[in-house]
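Here's the structure we're looking at; comments come further down.
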Amino acid sequence: MIFTNMRGAALAASFIALAGTTWLVGPACAQEPPSELAARMKDPGQWPMAARDYANTRYSELDQINTLNVSRLQIAWTFSIGADRGQEAAPIIVDGTMFVVGPYDGPYPNRVFALDATTGELKWSYAPRPEPAAKGVACCDVVNRGLAFNNGKVFLNTLDNHTVAIEAKTGKELWHTKLGEINRGETITMAPVVVKGKVLVGNSGGELGVRGWLTALDEDTGAIKWRAYSTGPDSDVLIGDDFKPFYDSLKGKDQGVTSWPADRWQVGGGTVWGWISYDSELNLIYYGTANPSPWNANQRSGDNLWTAAIFARDPDTGRAKWAYQINPHDLFDHDEINENVLVDLEISGTTRKVLIHPGRNGYMYVMDRATGEVISADAYDHVNSYKGVDLKTGRIIPNGDKTPILGRTINDICPASPGAKDWQPSAWSPRTKLLYVPHQHLCMDFKSSEVGYIAGTPFIGASVDMYAGPGGYRGEFMAWDPVAKKKVWEIHEKLPVWTGTLVTAGDVTFYGTMDRLFKAVDARNGNVLWQFRAGSGFIGQPVTYRGSDGQQYVAILSGVGGWPGVVANAEVDQRVRNGALGFTGATQDLPFYTAGGSELLVFKLGPAAKDDSNAQPR
Amino acid sequence: MRSPVSAAILVAMAALQPYASMAGEPDDLRVCADPNNLPFSNRAGEGFENRLAEMVAQKLGKFVVYTWWAQRRGFIRHTLKAGDCDLVMGVPAQYDLVETTRPYYRSTYVFVSQTARHLRLNAIDDPQLRGLAIGVHLIGDDGNNTPPAHALGQQGIIDNVRGFMIYGDYREPDPPARLIEAVEHGEIDVAAAWGPLAGYVAKTSTVPLTVTPIAAGERFAPQQFQFEIAMGVPKGDHALRDRLNDFIAQSDSEIAALLADYGVPLAENPRSARGGERR
């Protein structure tokens with residue numbers, strides 16, 4: 001693999017000049033690798049990682065845009081990413097420069113752009129030269145969820161398993177490390193996260209027989225420091241004497257082997273393609289693992305550890321401190337890669353250091369992040385495939401009536417395979433003490449009838465037909481009170497809400513819809529305050545920052561795709577209701593609302609009008 | 001890319017049938033195929049689907065032009081539906097993503113074992129299976145796996161089953177063939193695999209292998225172990241489908257000879273989904 005730097009050097013000089021005027025954090029910080037990124041998180045002008053901060057709050061202290069003036073938002077500038085596939089990436093903003101990455105498609109797959117965050121001027125772009133096999137083997141869509149930054153370097157994960165360090169000022173490649181093999185179905189779609197000088201990267205592709213892992217690379221050299229597998233013996237999972245899971249059922253040697261028949265763990269799935277959060281005081285990182293695969297459920301009896309689980313690990317060594325399995329022996333493709341938001345809550349009169357995990361299975365988990373104890377787990381969407389979570393044993397209670405069995409048709413399984421919520425990350429406001437959650441609202445019928453054909457081999461597969469859950473809507477944006485354990489407000493959307501969200505000190509929260517609307521909502525009551533109709537549907541992650549002109553900006557990529565959007569931009573036959581692993585049925589009207597797109601949209605406040613009657617949403 | 005084989009055949013054809021192609025019709029028969037999946041197809045044109053494509057092109061008076069794409073999830077979306085080709089040479093006769101022709105062969109899942117072992121397996125519920133190391137292909141998600149993988153799990157035959165990803169490692173030649181080679185090398189006692197692959201690898205094996213159709217009763221429904229295979233064209237292209245149907249009807253014995261050449265086990269007692277169209 002050869003990487004090519006595009007027009008980097010020529011623009012380097014002008015970049016340095018511009019960067020000098022917007023350097024908000026002194027270069028002295030660069031000498032302390034662990035604190036450089038953390039310092040940027042404290043500067044509300046920047047958005048230095050996809051989740052904004054290590055706690056994954058996606059909360060910004062900026063309040064120039066607020067509930068009273070958000071209706072004046074207007075386009076500041078736009079930019080074309082140049083590949084009309086699913087745009088899931090979060091732009092990141094460091095020292096006045098925005099870095100954004102495109103999907104793995106078009107003439108320059110996973111191309112990276114550096115733009116002046118205030119004017120939109122292109123500073124440089126960088127394009128990896130990919131392995132041609134990659135597009136043919138990636139599951140679902142060829143998305144990228146964003147870049148990372150630390151100490152003057154931008155970090156990129158390519159779909160074909162390379163992590164690349166790029167010099168932020170010039171776009172020059174500094175190193176790249178190959179972490180997996182695309183020809184065996186392995187891919188990378190997650191945004192890397194930098195913790196204590198290590199770039200943390202996980203893999204995707206469980207359905208193709210990939211064994212999940214999280215890998216730490218040295219940010220300066222790209223050397224692999226540690227790799228923790230999600231299945232297999234303790235030595236591979238990096239479990240040792242200091243591993244203290246809260247629940248007895250998770251104690252015992254080599255459970256990543258013994259909870260599987262024979263050698264099933266060797267291709268057991270449990271990939272790591274979501275979010276990583278970090279608590280510097282406890283010195284723990286947190287992330288979730290994906291579903292078990294590629295075996296049928298009846299060929300993988302046992303709990304299938306450590307799939308569909310949350311790990312807490314020491315970032316220095318990778319060693320696991322605790323783990324909790326959310327879905328033992330998953331039957332529904334309920335990955336648990338969703339974000340873990342780290343907050344401190346007053347619960348029953350005491351302050352608890354918790355993580356909040358909106359489960360794919362439809363339960364909102366509030367856990368003690370020091371110990372792995374489940375404090376509460378309450379349904380936030382319609383759930384009938386489980387009967388709740390037993391807080392004594394920590395185990396979810398399955399509903400046998402909804403167990404998919406080959407040869408039987410099981411109707412009305414809720415939530416459907418994508419779960420009540422997929423990868424799309426939520427946001428936490430310390431002002432309202434509410435979690436803002438974009439999610440889907442889908443049920444499914446399961447039957448075995450579909451003829452499949454892979455590599456010349458025919459088979460009868462499961463046909464999964466998804467549709468709107470009770471109430472007839474397919475998506476929801478809602479605010480959840482994790483202490484009262486209830487929904488405070490909700491907005492229903494006809495299509496799944498597949499974007500991330502953010503919330504600000506101006507009490508405004510943003511999300512996008514697949515039918516092309518970008519919306520600003522009053523974080524306190526759910527009133528829609530402003531919306532903008534874009535060129536394509538939204539599945540990206542909104543971010544906000546302060547420009548060099550002192551103005552607050554809000555940015556998001558438009559361009560539908562991802563798993564549910566494949567129908568709109570890749571011309572899956574929408575007459576075939578289960579085309580994209582069952583999702584087409586749930587979104588088959590999507591082409592009536594949108595086609596694919598690739599536009600970065602950046603908004604700021606327009607001038608105040610004397611007559612403010614336009615302030616009302618349409 | 002123009003296949004040199006097709007060019008040679010066409011030159012020969014031209015002498016015999018100079019006006020075979022209709023006026024104004026493109027000369028290319030655009031075929032989408034996997035470049036690395038013998039016995040079906042490869043880039044060198046060595047598969048039976050390559051040979052069949054040449055036969056079709058000859059009949060229609062065209063050149064074969066290939067678009068190569070690994071035959072995996074998304075294959076049809078990225079090839080036939082993307083408008084990159086007119087034809088894929090092999091799909092199940094009930095395949096909903098494409099317009100299918102009448103089936104041109106019917107094969108079966110088979111057991112493959114070393115002949116010297118004298119295993120005499122023929123049924124998926126044979127009690128011997130509980131004590132043998134059995135290899136199966138895995139497709140991926142729950143509910144989407146090969147019929148033997150389902151049927152063995154249904155009987156609780158688990159710890160002695162070994163999974164081989166149908167995708168394999170695409171850097172190696174013909175990745176699905178690793179399953180049959182594992183029998184050849186004695187790594188497993190028996191493979192339960194789709195007939196055309198098993199028959200072909202067995203034919204070229206250095207160790208004598210026995211290939212036996214798998215019998216399975218109704219208790220394993222809806223899993224089925226026999227499939228009819230047709231050609232696929234874009235939905236609605238009835239004109240090309242009908243011409244291909246004519247070709248299939250007229251080329252019965254040539255197709256049978258081709259399949260025999262590659263060791264494709266043919267299933268008896270075909271039950272055509274298309275009623276009177278069975279050959």
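What net charge is computed for the residues neighbouring A:Thr177, neighbours being all others with C-beta under 15 Å from the C-beta of A:Thr177, Lys and Arg scored +1, Asp and Glu -1? Kindly include the intermediate steps, with their values, before the conclusion.
Numbers: positive: A:Lys153, A:Lys178, A:Lys198, A:Lys225, A:Arg227; negative: A:Glu131, A:Asp160, A:Glu173, A:Glu181, A:Glu186, A:Asp218, A:Glu219, A:Asp220.
Net charge around A:Thr177: -3.
For the range A:322-458, what is the relative contact order in percent, using Cα pairs closer than 8 Å and at least 6 residues apart in sequence?
Working: 261 pairs, mean separation 28.2, N = 137.
Here the relative contact order equals 21 percent.
Quick one: plug the Kirkwood hydrodynamic radius of the range B:107-220 (C-alpha pairs) into Stokes-Einstein at 20 °C, 1.002 mPa s, and report D in µm²/s.
Numbers: Rh = 14.0 Å.
Roughly 153 µm²/s, to the nearest whole number.
Could you tell me which of the pairs A:Lys169/A:Lys494; A:Lys42/A:Lys251; A:Lys494/B:Lys81 are separated by over 31 angstrom between their Cα atoms in the structure shown?
Violating the 31 Å limit, Cα to Cα: A:Lys169/A:Lys494; A:Lys42/A:Lys251.
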Relative to the longest principal axis of chain B, what angle (0 to 90°, nearest 10) does the C-alpha long axis of helix B:238-250 take?
70 degrees
Express the C-alpha Rg of the range A:455-535 as a ratio against the empirical globular expectation 2.2 N^0.38 Å, rounded to two decimals.
1.47
Backbone HN-Hα couplings from phi across the range A:182-196 [Karplus 6.51/-1.76/1.60, Hz, Gly and Pro as x]
4, 5, 10, x, 7, 9, 10, 10, 6, 7, x, 10, 9, 10, 6
How large is ³J(HN,Hα) for each residue in the range A:299-312, as worked out from phi by the Karplus curve 6.51 cos²θ - 1.76 cosθ + 1.60 (θ = phi - 60°), to whole Hz, x for Gly and Pro?
9, 9, 3, x, 7, 6, 6, 10, 7, 6, 10, 10, 10, 10
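Calculate the mean, over all residues of peptide A:407-419, of how many other protein chain Cβ atoms lie within 10 angstrom of the residue's Cβ.
Numbers: counts 7, 1, 1, 0, 0, 0, 0, 0, 0, 0, 2, 0, 0.
So the per-residue partner count for this stretch is 1.
Report the relative contact order of the range A:3-615, percent, no decimals, based on alpha-carbon pairs under 8 angstrom and at least 6 residues apart.
Details: 1824 pairs, mean separation 86.4, N = 613.
Contact order relative to length: 14 percent.
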Kindly give the semi-axes, whole Å and largest first, of the ellipsoid equivalent to the range B:167-266, taking each as the square root of 5 times a Cα gyration tensor eigenvalue.
29, 18, 16
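Out of all Cα-Cα pairs in the protein assembly as shown, roughly what percent, to the nearest whole number, are more than 56 Å apart?
Values: 49021 of 401856 pairs.
Value for the protein assembly as shown (Cα pairs over 56 Å): 12 percent.
Any of A:Lys392/A:Lys485; A:Lys353/A:Lys486; A:Lys433/A:Lys604; A:Lys447/B:Lys203 with alpha carbons more than 30 Å apart? Name them for me. Before the final figure, lay out each step's value.
On the way: A:Lys392/A:Lys485 18 Å; A:Lys353/A:Lys486 20 Å; A:Lys433/A:Lys604 26 Å; A:Lys447/B:Lys203 37 Å.
Long pairs (Cα-Cα over 30 Å): A:Lys447/B:Lys203.
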Shielding of A:438-451 by partner chains, average beta-carbon count, 10 Å
2
Please list, ordered by chain and number, the residues whose modelled amide H lies under 5 Å from the amide H of B:Leu87; skip anything fewer than 5 residues away on the same chain.
B:Cys32
For a quick protection proxy, order the peptides A:369-381, A:196-208 by their average other-Cβ count within 10 Å, most packed first.
A:196-208, A:369-381
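Summarise the long-distance tail of P(r) for the range A:222-380 by giving the % of C-alpha pairs beyond 23 Å.
Values: 4190 of 12561 pairs.
Here the long-distance tail beyond 23 Å is 33 percent of all Cα pairs in the range A:222-380.
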For chain B, what relative contact order do you get, as a whole percent, if you take Cα pairs closer than 8 Å and at least 6 residues apart?
25 percent
Would you pull out the residues with amide H under 5 Å of A:Ala55's amide H, same chain only if 5 or more places away, H placed 1.01 Å from N?
A:Tyr278
Taking the Cα centre of the protein assembly as shown as origin, sum charge times position over the Cβ atoms of Lys and Arg (+1) and Asp and Glu (-1), and report the length of that vector in debye to the nearest 20.
520 debye
So if I take the alpha carbon set of the range A:373-471, get Rg, then get Rh from the Kirkwood formula, what is the Rg over Rh ratio?
1.08
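The range B:166-210: which GluC sites (Glu not before Pro) are DSSP loop and have at most 15 other beta-carbon atoms within 10 angstrom?
On the way: sites: B:Glu181, B:Glu184, B:Glu187; in loops: B:Glu187.
Loop-located and lightly packed - B:Glu187.
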Theoretical ellipticity at 222 nm over the protein assembly as shown - DSSP helices of four or more residues, -39500 (n - 2.57) apiece, nearest 500:
-4000 deg cm²/dmol
With unit charges on the beta carbons (Lys and Arg positive, Asp and Glu negative) and the dipole taken about the Cα centre of chain A, which residue among A:Tyr365, A:Ala290, A:Gly96 sits farthest to the positive side?
A:Gly96
Within straight-line cross-link reach of A:Lys244, aspartates and glutamates at Cα separation under 16 Å, skipping those fewer than 8 residues along the same chain
A:Asp234, A:Asp254, A:Asp314, A:Asp368, A:Glu373
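Here, each number is a calculation from the coordinates, and none is a lab measurement. Please read all numbers here as calculations on a predicted model, not as lab measurements. Glycine also receives a Cβ, built like all others from the backbone with ideal geometry; neighbour counts cover every protein chain displayed.
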